[in-house]
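Student: I have a structure I would like to understand better, so I am pasting it below and will then ask my questions one at a time.
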Amino acid sequence: MDAAQAVETVFRIESARIIAGVTRIVRDVGIAEEIAQDALVTALEQWPQSGVPDRPGAWLMATAKHRAIDLVRRKETYARKLAEVGRTLEDAPPPPDPAEADDIDDDLLRLVFTACHPVLATDARIALTLRLVGGLTTQEIARAFLASESTVAQRIVRAKRTLAKAAVPFEVPYGADREARLSSVLDVIYLVFNEGYSATAGDDLVRPALCEDALRLARVLAALMPEEGEVHGLAALLEFQASRIATRTGPDGAPVLLADQNRARWNRLLIARGARAMSRAGSGPYSLQAAIAGCHAAAVRYEDTDWARIATLYGRLVQLTPSPVVELNRAVAVSMAEGPAAALPLVDALTAEPALHAYHLLPSVRGDLLERLGRPREARAEFERAAALTRNAQERTLLLRRAARL
């Protein structure tokens, strides 16, 4: 890996922490993101000549913080700002867990709650946080939203301006204010994990660093809000999903389907953590998804999966949060519980959904059903269409292989 690739890789992993650390100094997420980008440019200029530092993430953080401090010094309120940020200027990292039951010292979580302030519309909150915390590109966020890139870009720009104009404090709120932001915070943590679990674009199917960040935030939030069942539901869901990450790809990075994964390699510690969190979960959408993931985790073999229960849980989830993507997942469960003939009409009905027009998993699922029904020519066309829609190289390769096999 050359220096330029190293810079881009490290920045992708560390950008959220850098932005969060700098935001604590400058108190403006827009300016913090610009300073983080400046640090990236500096690394691109210097590392090819000086070599990649032993601790590249720390190097980028230090460079960004120095620029932030210089910016503060240039302002008339320098003395007041220094007193306000205090220990932020120290190099010591923040403690990973809450210091007290109702307090927290974690810049990443502060950044999430700040970006999820009620002054922003819900879509803007999620888009901004995916950009800042998840490090996702506008293109990737647009795909997650099933929206156009220009729409998402405008949301992000307006959101940063709105936060700056409202002088939103960089903090984890308390009481009713915290409750008001919780739903958006949960959505963001879930979407960040999901992008790491199944990347929408790029050469890698899985981006473990995003999963780790999201899982850590979910655990911290569960400790912060022990009485919130849906917080524990989200934590349980991510624990169960994370337990399978190591088996989702082969040695060459190619996707491994759920039916073919080596379940002996599933992380039993994470499954146990998921079960503990599930015992405190509620009855909301994340808790239902956790129950579904728990069914998979409980099956020693793929053949032992309780697909009838999973289909029932998806039915409850559809009633709670109607969504064509959830309907598609329910159709998959129905196909496993009752056969492909029962599921194909459900999938065919979704082909008219505008939100799924460019969603590659729709033709992928339809191709699988057609293959199982003995209609190889139609199945091949669906797999080829799915391959043309996906922006992930590993998924595309898998889909084309399935098409070629037919």
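The values are calculated or read from the model by the stated rules, or taken from the named source; none is laboratory data. Quick caveat, the model's predicted, so the values are computed rather than measured. Don't worry about glycine lacking a Cβ; one is built from the backbone with ideal geometry, like all the others, and counts go over all protein chains shown. Surface accessibility is based on the protein's heavy atoms, side chains included, excluding ligands, DNA and RNA. Shrake-Rupley method; radii C 1.70, N 1.55, O 1.52, S 1.80 Å.
Student: When the convex hull of the Cα atoms of the stretch 308-349 is projected onto a plane and the area is averaged over all directions, what value comes out in nm²?
Tutor: Answer in nm², one decimal: 2.5.
Student: Does the stretch 130-231 come out rounded, prolate or oblate, given a ≥ b ≥ c as the square roots of the eigenvalues of its C-alpha gyration tensor, rounded meaning a/c under 1.5 and, failing that, prolate meaning a/b above b/c?
Tutor: oblate
Student: Roll a 1.4 Å probe over the protein chains and send me the accessible area per residue for the chain in Å².
Tutor: 46
Student: With the full set of protein chains in place, find how many percent of the accessible area of the chain is carbon and sulfur; take the probe as 1.4 Å.
Tutor: C and S atoms contribute 52 percent here.
Student: Okay, moving on. Which whole-number value in Å³ per residue fits the convex hull of the alpha carbons of the stretch 225-291? Mind showing how you got there, number by number?
Tutor: Values: hull volume 5.9 nm³, N = 67.
Dividing the Cα hull volume of the stretch 225-291 by its residues yields 88 Å³.
Student: In addition: Kindly sort SER184, SER279 by accessible area of their heavy atoms, largest first, with the probe set to 1.4 Å.
Tutor: Numbers: SER184 5, SER279 95 Å².
Largest accessible area first, the residues go SER279, SER184.
Student: While we're here: In 20 Å bins starting at zero, report the fraction of Cα pairs in the chain per bin as a rounded %.
Tutor: 24, 56, 18, 1
Student: Now for a different question. Tell me, what does the Kirkwood hydrodynamic radius of the stretch 189-310 come to in angstroms if you use every pair of distinct C-alpha atoms?
Tutor: One decimal place: 14.6 Å for the Kirkwood radius.
Student: Right, something else. For HIS296, what accessible surface area do you get with a 1.4 Å probe? Give it in Å², rounded to 10.
Tutor: For HIS296, the solvent-accessible surface is approximately 20 Å².
Student: If you look at just the Cα atoms of the stretch 328-406, how large are its Rg and its Dmax in Å?
Tutor: 11.8, 32
Student: Further question on the same structure: What is the magnitude of the charge dipole of the chain about its Cα centre, with +1 placed on the Cβ of each Lys and Arg, -1 on the Cβ of each Asp and Glu, and no other charges, expressed in debye to the nearest 20?
Tutor: Using Cβ point charges on Lys, Arg, Asp and Glu, the chain gives about 420 debye.
Student: Find me the longest stretch of the chain that has none of the exposed GluC sites (Glu not before Pro), where exposed means in a DSSP loop (not H, G, I, E or B) with at most 10 other Cβ atoms within 10 Å.
Tutor: Counting only loop sites that pass the neighbour cut-off, the longest clear stretch is 228-406.
Student: Right, here's the next one. Roll a 1.4 Å probe over the protein heavy atoms and report the accessible area of TYR359 in Å², nearest 10.
Tutor: 50
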